[in-house]
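Each reported figure results from applying straightforward, stated rules to the coordinates on display, with no laboratory input. Note that this is a predicted model, so its numbers are computed, not measured. Here Cβ is always computed from backbone atoms with ideal geometry, including for glycine, and neighbour counts include all displayed protein chains.
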Amino acid sequence: MPRRVIIAFALFSFACSKDPPKSNPTTTSASASATPSAVVETPSASTAGVEVLNGDCAISVPKTPGVTNADTMFVSLQPRFRGVYTHGLMNDPKQAGTYNFKASIGADGKVTKVDATATGLSKEVTSAMDHVVKAAQFDVGGKPATISGSIECHPK
């Protein structure tokens, strides 16, 4: 069987299965053209057996008077928090902890200030989480508000 057919079949099987295959390709890219295609490189001797790190983050934000979309906003930001933490695991695979924040929101719904503390998380992760919170846009009905919460992160 030609190599492209085998790779295409492997990608199709992976996409349709519930359990991912045991071997992890080092690079996957897809084209956005009308005909989907994928290029997959097989692991080299130097990268074979490298464990892929992954993390999870649980967000806790109490109901905040004056902020009507806090729940949906933080649900939409969860993948970004998880990505920041997972990236941080590459530098310290054992880091786990809690990020506590208090964000001031202007009348336009933009976050104007973030005060945060973190335990067990690196400065890089904490700083990146600050940026994620600052990028949020809230519905505050034209009145400034303050929202606080916590994000607990741990390796999977």
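Brief remarks follow.
- Note on region 54-80: among residues that are of a type in the set (A, V, I, L, M, F, W, C) and more than 16 Å from Asn100 (Cα to Cα), the one that is surrounded by the fewest Cβ atoms within 10 Å (Cβ to Cβ) is Val75.
- Positions within region 123-156 being touching a residue at least 60 places away in the same chain (Cβ under 8 Å) and either closer than 17 Å to Asn100 by Cβ or among the aliphatic types (A, V, I, L, M) (or both), in sequence order: Ala136, Val140, Ala145, Thr146, Ile147, Ser148, Gly149, Ser150, Ile151, Glu152, Cys153, His154
- Among the residues of region 111-156, just one is within 15 Å of Ala70 (Cα to Cα), touching a Gly at 6+ places or on another chain (Cβ under 7 Å) and β-branched (Val, Ile, Thr), namely Val140.
- Hits in region 60-117 - residues which are in a helix (DSSP H, G or I) and of a type in the set (Phe, Trp, Tyr): Phe74, Phe81, Tyr85
- Check on Pro93, free of Cβ contacts under 8 Å to residues at least 12 places away in the same chain and on the phi < 0 side of the Ramachandran plot: no
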